[in-house]
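See structure below.
Nothing in this text is a laboratory measurement; each read-out follows from the coordinates by a stated rule. If you're wondering where the values come from, they're calculated on a predicted model, not measured in any experiment. Cβ atoms come from the backbone with ideal geometry, glycine included; neighbour counts cover every protein chain shown.
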Amino acid sequence: MKTITVRYFAMFREHAGIEEETLSLDAATAADVFEHTRSRHRSSEPAGHCKVAINDEMADWASPVRDGDTVLLFPPVAGG
Amino acid sequence: MLRMTTDAIDPDVLRRELFDPAAGGYCAFEGWVRNENEGHEVLRLEYEGYEPVAVAEGRTILAEAAEKFPYLSAHCVHRTGMLEIGDCAVWVGVASAHRDEAFKACRYIIDELKHRLPIWKKEHYTNGDSGWVSCERCAEHAHG
């Protein structure tokens, strides 16, 4: 198990009702974190429609997560 | 460079910052808040962004544009917070020796910003409802 801080943004934050939480997760990749927290962010989207950053750096869903990492879950973006 | 601000964007000030004696032209794009989206009458837009990642990703996009369409200088400013109809939400400006690079780099930067920066907008409608806007291009390009 790894201690992972998960941060939720925009609609994910509204669904979760919190900005962030620290969880003990059996997760190897960012995609695992997304799936483990699906009941929180309640995204019906596949992970591929969303983006992820680890420790403030853009990452891929296949990126490994390490103990102590902060994983930022970004719903589909729409700037401009 | 890219920066985010909660203050009103003043294109005249930003334009002057790009002045360069070697520049033969300048191209800018302003994104404005529109009063309609997909049949819904929009009252205002609320922008949320995550600055640390947006600034880093913005730097990457500007570097990519410089590689593809060598320009002299480029700036981008994205607004966050509650915006009214007609407000400028995003500004991109590029100065270059010749116009072709300025047009192309400006187009590249705004297109990439819209689907890569961690920025979200929530539409507030005249009927009191609100909703987050999804990026169509992200959905088109998505897989899995």
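Identify all residues within segment B:30-52 that are facing another protein chain (nearest Cβ under 9 Å) and either buried (at least 19 other Cβ atoms within 10 Å of the Cβ) or more than 17 Å from B:Pro118 (Cβ to Cβ) (or both); write none if there are none.
Once the filter is applied, which keeps residues that are facing another protein chain (nearest Cβ under 9 Å) and either buried (at least 19 other Cβ atoms within 10 Å of the Cβ) or more than 17 Å from B:Pro118 (Cβ to Cβ) (or both), segment B:30-52 yields B:Gly31, B:Tyr47, B:Gly49, B:Tyr50.
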Determine, yes or no, whether B:Glu84 is within 11 Å of chain A (Cβ to nearest Cβ), farther than 27 Å from A:Leu72 by Cβ and of a type in the set (D, E, K, R). no
B:Ala56 fails exactly one of the following numbered conditions: (1) within 10 Å of chain A (Cβ to nearest Cβ); (2) out of contact with any strand residue (DSSP E or B) (no Cβ under 6 Å at 6 or more places or on another chain); (3) surrounded by 18 or more Cβ atoms within 10 Å (Cβ to Cβ); (4) of a type in the set (Gly, Ala, Ser). What is the number of that condition? (3)
Scan segment A:44-67 residue by residue and report those that are more than 11 Å from chain B (Cβ to nearest Cβ), surrounded by 13 or more Cβ atoms within 10 Å (Cβ to Cβ) and among the polar types (S, T, N, Q). A:Ser63
List the pairs whose first member sits in segment A:1-27 and is more than 12 Å from chain B (Cβ to nearest Cβ), whose second member is in a helix (DSSP H, G or I) and aliphatic (A, V, I, L, M), and whose Cβ atoms are under 8 Å apart, counting only residues at least 6 apart or on separate chains? A:Ile4/A:Val33; A:Val6/A:Val33; A:Leu25/A:Val33; A:Ala27/A:Val33
Scanning segment A:68-80 for residues that are of a type outside the set (Ser, Thr, Tyr) and surrounded by fewer than 21 Cβ atoms within 10 Å (Cβ to Cβ), the one nearest to the other protein chains (Cβ to nearest Cβ) turns out to be A:Gly80
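Restricting to strands (runs of 3 or more DSSP E) lying wholly in segment B:17-94: which have 1 or more residues that are among the aliphatic types (A, V, I, L, M), in contact with an Asp or Glu (Cβ under 9 Å, 6 or more places away or on another chain) and without any contact (Cβ under 8 Å) to a residue 40 or more places away in the chain?
Ranges flagged: B:81-84.
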Which of (1) touching a Ser or Thr at 6+ places or on another chain (Cβ under 7 Å); (2) surrounded by 14 or more Cβ atoms within 10 Å (Cβ to Cβ); (3) closer than 28 Å to A:Arg7 by Cβ is the odd one out, the single condition B:Gly25 does not satisfy? (3)
For A:His41, are the conditions met, namely being more than 11 Å from chain B (Cβ to nearest Cβ) and either of a type in the set (Lys, Arg) or under 27 Å from B:Ile61 (Cβ atoms) (or both)? yes
